[in-house]
Amino acid sequence: MAGKKKLNKMRRREAKIGYAFISVWLVGLVFLFLRPLGMAFYYAFQEMSITTEGMTYKFIGLENFIYKFRDDIYFFDSTVWPGLSKFVIEVPICVIFSLFIAIVLNQKFKGRTFARALFFLPVIITSGIAIQVLRSYGLDTSMETENTYLFASNGVANILSSAGLPMAVVDVFTQISNRIFDIVWMSGIQIILYLSGLQGIPAAEYEAAQIEGATAWECFWKITWVRISPITLVVVVYSLIDSFTNVSNVMIKFIYEEYSLRGNLGGSSALGLSYCLVAFLIIIVVYAVTAKHVFYVNEA
Amino acid sequence: MENVIADRKKAWAGKIPKVSFKKKKLYKLGNYVWAVCRFLLIFGLGFVILYPLLQILSKVFMPTIQYQDLSVIWIPKSLTFDNIKNALDYLKFWSSLANTLILGLSCAAIQIIVCAMTGYGFARFRFPLREPLFLLVILTIIVPTQIIFLPSFVQYRFFDFFGISRILGLITGKNYTEFATNLIDTRWSFWIPSLFGVGLRSGIFIYLFRQCFRNIPKELEEAAKIDGCGSVSTFVRIMLPNAKSSILTVFLFSLVWHWNEYTLTRTFFPQNYQPLAVRLKLAVDGMVNDIATRTNLPFQMGVTYASVLLFILPVLIIYIFTQRWFVEGVESSGIKG
């Protein structure tokens, strides 16, 4: 009985110290994160205008959520859908590409350090503000815009379609090859994550597999792919978040401009929040589906 | 695992068929082919990555008159520093560089301390609601800044010191804004969130530190406890020195991300303390709207290329010297899902 009491006391002490360590963050979370988030919810239902005496609010119900869909019938097709569906193409390509590059960069060859430094370069120029400014001026000619590609490959499309492949398949290929610039520039962090994961796989497993006569192909699927699956989960979630919140996302751009150019604070908040909610739901679904296939060594 | 290999080796001893000379040669050939493919792949993708940089370098030192000269593609016929000089003026380079460095370095330092503390709390202590609270850490990463920067702006414009101003307002019957402080156009608008662990991408740093502290053996702490160390001194004396590489990684990422931040810096620094990212965009927009330069496209391009070069050059230099830490730090923090 006395022992149990002591244990309880220790538990309480531990909890107290734990709370003490996170207390600073907790205050910040409530006042500097949850409160602005709550305010954004409040704004979403108001018509706001800035006057000389400060803000004026007028409750208008769900108007902020629907006005754009009602006024602009192409809004969903032109902005919401591209913003939300970007990940369907981007994330799988990004995952496959970064894993492939990480495996290549993990091999021993001359100039590896240089190659690694090269592929991580996008990590330090992440904001896109530099790239965005360059794009608006065109890197090559002054005519480049968001929708033209830096490395457009019409040749690939021609070869594939003349080889008799259906247009849909050709489209997928050209989509990928046209976006090679974006894909490479998106994958910096993912490559780092995968590379760190690859180095955590014990070499003994490969040796054992080789002695048993496994081919490189089998080694990849039976060892690398299984061992790396927890990292894949992190990479998938990171790529999803990046795809949804990147400045180059049309929806994010619209949300920002709705406030900064057109001064519609309520509309910006409402569309932003509902977009965020949908994105969050997608992330949860993808996470749940991926997490099912993840293999943890310690729990096996 | 080693035992298993040894056993297997023994079991196979003498049974492994001798690989024929021809097969060996084929294997070697395959290696060569792969090496060539690998080189081509890395070279090609490296070109894609470096292309903007090469383009900038080529155009920056080229007199703008040669931009439309079809006989000049990469290598300029003569060199000039006019573009750089103009860009230095447009960016107000030295003052904005100082602004960027002060902001990035101070915020990085603050974030290291606060995020390490929070990460340690989450990694080593059991307390009620720990998991839900950690989910909130993840939530701070997921919610894009574009959603909350507006309310944040209002909050920092009339900063009420966590509600104290409002209470004072209630007591005295005046509007709370009389007791509030304007933090916009001061660095406090970045320092305060950093100080309370909700600064720029603080969530990611808390996550990194938590993983890192989890991987440090518990025995170290227990030994310290037996020797009479309190929780705080265990953290400062034992845990922090063992998390050196994570600290460096967080420092570098924080610096680089503050360097690149545009939405928040643009909002919180409308006039003063503007960092390079904001001045870069302002310079470009300024040229487009200025009557004197509006129609002079080559001039605009020259200044833009030079400005972008000046903007990324400092981080590029930092990166060249520290690039291995970007990987090693992530490795040692051992992200395991």
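Brief remarks on what is shown
- Straight Cα distances below 25 angstrom link B:Lys77 to the lysines B:Lys59, B:Lys85, with same-chain residues fewer than 8 positions distant left out.
- In plain terms, the chain from B:Thr295 to B:Asp7 could stretch by 95.9 nm, reckoned as 0.36 nm per residue minus the Cα-Cα distance.
- Max mean-square fluctuation residue, GNM over chain B, Cα-Cα springs under 10 Å, options B:Leu91, B:Leu41, B:Leu150: B:Leu41
- Here the Debye sum runs over all C-alpha atoms of the stretch A:11-86 as equal scatterers in vacuum, and log10 of I(q)/I(0) at q = 0.18, 0.19, 0.25, 0.26 Å⁻¹ comes out as -0.90, -0.94, -1.09, -1.10.
- Relative exposure of B:Trp191, A:Trp221, judged by other C-beta atoms within 10 Å (fewest first): A:Trp221, B:Trp191
- Per-residue average of Cβ from other chains inside 10 Å of B:253-263: 4
- Compactness relative to 2.2 N^0.38 Å, alpha carbon Rg of the stretch B:46-127: 1.90
- Efficiency of FRET from Cβ geometry, A:Ala209 and B:Cys229, R₀ 56 Å, rounded to 0.05: 0.80
- A dipole drawn for the protein assembly as shown from +1 and -1 charges on Cβ atoms has a positive end, and of B:Val315, A:Leu118, B:Val284 the residue lying farthest that way is A:Leu118.
- Centroid-to-centroid separation of the stretch B:196-222 and the stretch A:235-299 [C-alpha atoms, Å]: 25
- For A:Ser49, the residues 5 or more places off, or on other chains, whose built amide H falls under 5 Å of its own are A:Thr56.
- B:Ile312, A:Ile191 arranged by Cβ crowding within 10 Å, fewest neighbours leading: B:Ile312, A:Ile191
- Lysines with Cα under 25 Å of A:Lys68, excluding same-chain neighbours fewer than 8 positions away: A:Lys58, A:Lys86, A:Lys253
- Kirkwood-Stokes translational diffusion coefficient of the stretch A:167-261, alpha-carbon pairs, 37 °C, 0.692 mPa s, µm²/s: 199
- For the stretch B:224-305, alpha-carbon Rg over 2.2 N^0.38 Å: 1.96
- Placing a pseudo-label 7 Å from each Cα along the Cα-to-Cβ vector at B:Asn272 and A:Cys219 gives an inter-label distance of 6.2 nm.
- Over all Cα atoms in the stretch B:109-243, the spread is summed up by Rg and Dmax: 18.6, 57 Å.
- Residue-averaged 222 nm ellipticity for chain B, from DSSP H runs of 4+ at -39500 (n - 2.57), nearest 500: -23500 deg cm²/dmol
- Label-to-label distance, nm, for residues given as A:Phe295 and A:Ser85 (7 Å Cα→Cβ offset): 3.5
- Chain A: proportion of alpha-carbon pairs further apart than 36 angstrom, %: 38
- Scaling the Cα radius of gyration of the protein assembly as shown by the globular reference 2.2 N^0.38 Å produces a ratio of 1.07.
- Theoretical FRET efficiency, 1/(1+(r/R0)^6), r = Cβ-Cβ of A:Ser274 and B:Lys218, R0 41 Å, to 0.05: 0.35
- Per-residue ³J(HN,Hα) for the stretch B:312-322, Karplus 6.51 cos²θ - 1.76 cosθ + 1.60, θ = phi - 60°, Hz, x for Gly and Pro: 8, 4, x, 5, 4, 5, 4, 5, 4, 7, 10
- Taken over the Cα atoms of the stretch A:67-110, the convex hull encloses 69 Å³ per residue.
- Cα principal axis extents for the stretch B:82-333, largest first, Å: 73, 58, 27
- Full extension of the chain between B:Arg237 and B:Leu57 gives 60.1 nm of extra length, using 0.36 nm per residue less the Cα-Cα distance.
- Structure remark: mean-square fluctuation, Gaussian network model of chain B, C-alpha springs under 10 Å; the largest value among B:Gly104, B:Gly286, B:Gly163 belongs to B:Gly163.
- Largest mean-square fluctuation among B:Ile102, B:Ile226, B:Ile206, in a Gaussian network model of chain B whose springs join Cα atoms under 10 Å apart, belongs to B:Ile226.
Each reported figure results from applying straightforward, stated rules to the coordinates on display, with no laboratory input. Note that the structure is predicted; figures quoted are calculated from it, not measured. Because the Cβ atoms are built from the backbone with ideal geometry, glycine has one as well, and the counts that use them run over all protein chains shown.
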